[in-house]
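The structure appears right after this line, and notes come after that.
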Amino acid sequence: MSPAFCRPKGRWFITRKFVLDFLFGNYYTHFYLQSASYIDETEEPRYVMRKLIVCNIMSLDGYYAGPGGNVMVLPLDQAFDAYNAERLRAADTLLLGRNSYDGFKGFWPSVADDPSPQWTPTHREISRLDNAIDKVVISDSLTAEQTEPWHENTRIIRRADAHEQIAELKRQRGRDILVFGSRTLWNDLLANDLVDELHLMVGPVILGAGTPIFDGQPAVSLRLIDTRTFSGSENLLVRYEIRRQKT
C-alpha cells in the first residue's frame, strides 16, 4: 500500500500543489511522503498560559448572598450543579479563600459515597472532583492540621504572597485554575489583573439586600464571550473575558 495510507500517528496536510495536480491528473506522485507536509501530533503542544476562571451565582440585582450571608436564597438548581461539574472537569486547581474552603470541606467530601437519595449523580460527581482536585487556599489563619480530609492536596498561601504565587501558578503548564465562592479573594485578584474570565450564573430573584458580588474595586472592562440557558432552569449563564489592563 502507498506510504500515504500507512502513516504513523499524526495527520497529513495536503498542499495547494497537490490539489492542483490532482485536478489536472498528475496526482499519483503525491502519494509519497516527500510530496506532503507531515505534522507530528505527538510533539509537545505550544505553551499557553493557564486561565484563572471565576464561577459564581448571583441575584438579578447583583447580590452574591442574601442578608446574613445566606446563599440558600439563590436558585442553586440542577443547572447550577451541572455547570459547576463542567468547570471542575476542565480544571486541575481549585483556588479558594478560607471561608469558602471551610464550607466546601465541611460539605462535599462524604457526598460521593453517601447513599442518601437526596444526592443526585451530579452531586456525587462534584464530590469526587472536589476530593481529587488540587486545592490552593489563600489564608493567614488556616493550618495544615485543619485541612483534613483534604490534607494531601491542599496548599496554603499566605495573603502577602498571594499575587506573586498565583501569577506563578498561571505561568505553569496545566488546566484551568477555578475559583468558586471566595468573593473577597477574587475581587482582589480582579482588581490586580489576575482573573481571565468571569462566569456568572444570574438567578431570577431580586434580593434587595445582602452582599454585593462586586466590592467597589477599580473599574474593569469586560468582553462578552458567551451566554447560555438551561433546560428546566430559569438561570442565565453569562461569560465574560477580562480585557487586560494596559501597562
Note on residue 121: of the conditions (1) surrounded by fewer than 18 Cβ atoms within 10 Å (Cβ to Cβ); (2) at pLDDT 95 or above; (3) closer than 20 Å to residue 179 by Cβ, unmet is (3)
Reported set for segment 199-241 where residues are surrounded by 18 or more Cβ atoms within 10 Å (Cβ to Cβ), hydrophobic (A, V, I, L, M, F, W, C) and either modelled with pLDDT under 95 or touching a Lys or Arg at 6+ places or on another chain (Cβ under 7 Å) (or both) is 213, 237
Across (1) part of a loop (DSSP other than H, G, I, E, B); (2) over 24 Å from residue 76 (Cβ atoms), residue 160 clears everything bar (1)
Log entry, pairs with first residue in segment 207-231 being farther than 20 Å from residue 69 by Cα, second being acidic (Asp, Glu) and surrounded by 10 or more Cβ atoms within 10 Å (Cβ to Cβ), beta carbons closer than 6 Å, six or more apart or on different chains, reads 223/241; 225/241
The strands (runs of 3 or more DSSP E) lying wholly within segment 188-247 that contain at least 2 residues that are within 18 Å of the chain's Cα centre (by Cα) and among the basic types (Lys, Arg) are 222-229
Subset of segment 135-164, residues surrounded by fewer than 17 Cβ atoms within 10 Å (Cβ to Cβ) and either within 19 Å of residue 92 (Cβ to Cβ) or touching a residue at least 60 places away in the same chain (Cβ under 8 Å) (or both), comes to 151, 152, 153, 155
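The values are calculated or read from the model by the stated rules, or taken from the named source; none is laboratory data. Since the model is a prediction, treat every value here as computed from it, not as a measurement. Positions of Cβ are generated from backbone atoms using ideal geometry, with glycine treated the same way; all protein chains shown enter the neighbour counts.
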